[in-house]
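**Q** Just passing along the structure, written as structure tokens.
Any read-out appearing in this document is the output of simple, stated calculations on the displayed coordinates, not a laboratory observation. Please read these numbers as outputs of a predicted model, since none were measured by experiment. Here the Cβ positions follow ideal geometry from the backbone for every residue, glycine too, while neighbour counts run over all protein chains shown.
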Amino acid sequence: MSEETVPQQGGSGQPKGLLQQMEELMAALNADLSALDADLQAAGDAERGAVEEGQAG
């Protein structure tokens, strides 16, 4: 049997339900997207600051 067909087990030894697995994956994805958004906003702010400095001189 492949690893994909074996149900994942939680800390209690009970198989996790599909809904619980999906909720955990969505929470992890949301956290990753929030971190990416923060990184992109910081990069955009830094780029705008550099452009403004170049225009001022």
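**Q** What does the net charge come to around D39 if you take all other residues with beta carbon closer than 12 Å to its beta carbon, with K and R at +1 and D and E at -1?
**A** Values: positive: none; negative: D32, D37, D45.
It works out to a net charge of -3.
**Q** What spacing in nm lies between the two simple spin-label points modelled at A43 and A28, each 7 Å away from Cα in the Cβ direction?
**A** 2.3
**Q** Would you kindly derive the ³J(HN,Hα) couplings of segment 32-41 from the backbone phi angles with the Karplus curve 6.51 cos²θ - 1.76 cosθ + 1.60 (θ = phi - 60°), listing them in order in whole Hz, with x for Gly and Pro?
**A** 5, 5, 5, 5, 5, 4, 4, 4, 5, 5
**Q** Going out from 0 in 5 Å bins, what whole percent of all Cα-Cα distances in segment 16-56 drops into each bin?
**A** In whole percents, the pair-distance histogram is 5, 22, 12, 14, 10, 9, 9, 6, 6, 4, 2, 1.
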